[in-house]
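Please read the structure below before turning to the comments.
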Amino acid sequence: MLINPNKVRLPTIPGTRILEEDFGLPGFQCLDALQPSRVWTLQYLCAPILRRRVGGVRAKFTDNKGYVTFCNQRDLEVLIGLAKPGSKCHWADTEYVSMGEPDWFGLCTDDEDLDDDLLDRELRLREYYPEVLPEGLQIIRRIHDGGSADTEELLILLADMDRYTGYYPDPRLETIHNRWVRVERTKLLWELADT
């Protein structure tokens, strides 16, 4: 077990859900089950989202073509070799499962994962724009939703401010959808994507 997320609350980087403690996992690599030439590298860990079916910390991964995805703690513990399928996952009160089983989620994303990724990208942009991010700034990101579902999306910054209070710059996670808008999302086959 990595940690018991029901008993231990790990501190996060202020203003984010990125955990300060990384357990030495960044840099861990695994091959994609469907595309062996696709190599996933763990970037960092995020705090649990409490209402999820499979809870625990979440790990952000990127692949060798820049796609982003996440993995829940239960499946991550199997991927990194801390647990074996069929053994008891005490913190989740269930059993660990293996790839291909119906309850395996593995590498996939949802909206909250994508919010964490977008905030991370925005924070990196703030290193180049220390005052206020310029209106119209664009981010292109590639997303692995799970299985063979891959997409590329274009996001544009509307304004680096809270539209209700006028507060700027506004680096808060809870208002990220007020700052950024997705203007395009297209399906993209991994095999055809350039590096």
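A short reminder: the numbers here are calculations on the coordinates, not readings from a lab. Here the structure is a predicted model, which means the values were calculated and not measured. Every residue, glycine among them, receives a Cβ derived from its backbone with ideal geometry; neighbour counts consider all protein chains shown.
Observations on the structure shown:
- Stokes-Einstein diffusion of the chain at 4 °C, 1.567 mPa s viscosity, Kirkwood radius from Cα pairs, rounded to a whole number: 73 µm²/s.
- Surrounding net charge for residue 135, when Lys and Arg each add one and Asp and Glu each subtract one, Cβ distance under 14 Å: -2
- Listing 164, 129, 67, 44 from fewest to most neighbouring C-beta atoms within 10 Å gives 164, 129, 44, 67.
- Karplus-derived HN-Hα couplings along region 30-46 (A = 6.51, B = -1.76, C = 1.60, θ = phi - 60°), whole Hz, x at Gly and Pro: 9, 8, 5, 5, 8, 9, x, 7, 8, 10, 9, 10, 6, 9, 6, 10, 10
- In whole percents, the pair-distance distribution calculated for region 50-90 from its alpha-carbon pairs, binned every 5 Å from zero, is 6, 20, 26, 22, 16, 7, 3, 0.
- Relative contact order of the chain, defined on C-alpha pairs under 8 angstrom at six or more residues apart (%): 15 percent
- Less than 5 angstrom separates the built amide H of residue 12 from those of 20, all sequence-distant by 5 or more or on a different chain.
- Region 146-195: relative contact order in percent, alpha carbon pairs under 8 Å with at least 6 residues between: 48 percent
- The alpha carbon centroids of region 66-110 and region 138-195 are separated by 26 Å.
- Local net charge near residue 95, Cβ-Cβ under 14 Å (Lys/Arg +1, Asp/Glu -1): -2
- Extended-chain gain in nm, criterion 0.36 nm per residue less alpha-carbon gap, residue 39 and residue 121: 27.4 nm
- Computed from the alpha carbon atoms alone, the convex hull of region 113-192 holds 94 Å³ per residue.
- On Cα atoms only, tilt of 111-126 relative to the major axis of the chain in degrees: 50 degrees
- Restricting attention to the chain, close to 95% of DSSP beta bridges with both partner residues there are antiparallel.
- For a label point 7 Å along the Cα-to-beta-carbon line of residue 1, residues of region 50-79 with backbone N under 15 Å: 55-57, 73-75, 77-78
- Between residue 194 and residue 165, the C-beta separation translates, for a Förster distance of 41 Å, into a calculated FRET efficiency of about 0.50.
- Note on region 1-68: Rg/Rh from Cα positions, Kirkwood definition for Rh, rounded to two decimals, is 1.01.
- Cut-off under 5 Å, modelled amide H: who pairs with residue 91 long-range: none
- Around the amide H of residue 137, modelled in the peptide plane, lie the amide H atoms of 157, all under 5 Å away and 5 or more residues distant in sequence or on another chain.
- Neighbours of residue 17 by Cβ distance under 9 Å: Lys/Arg scored +1, Asp/Glu scored -1, total -2.
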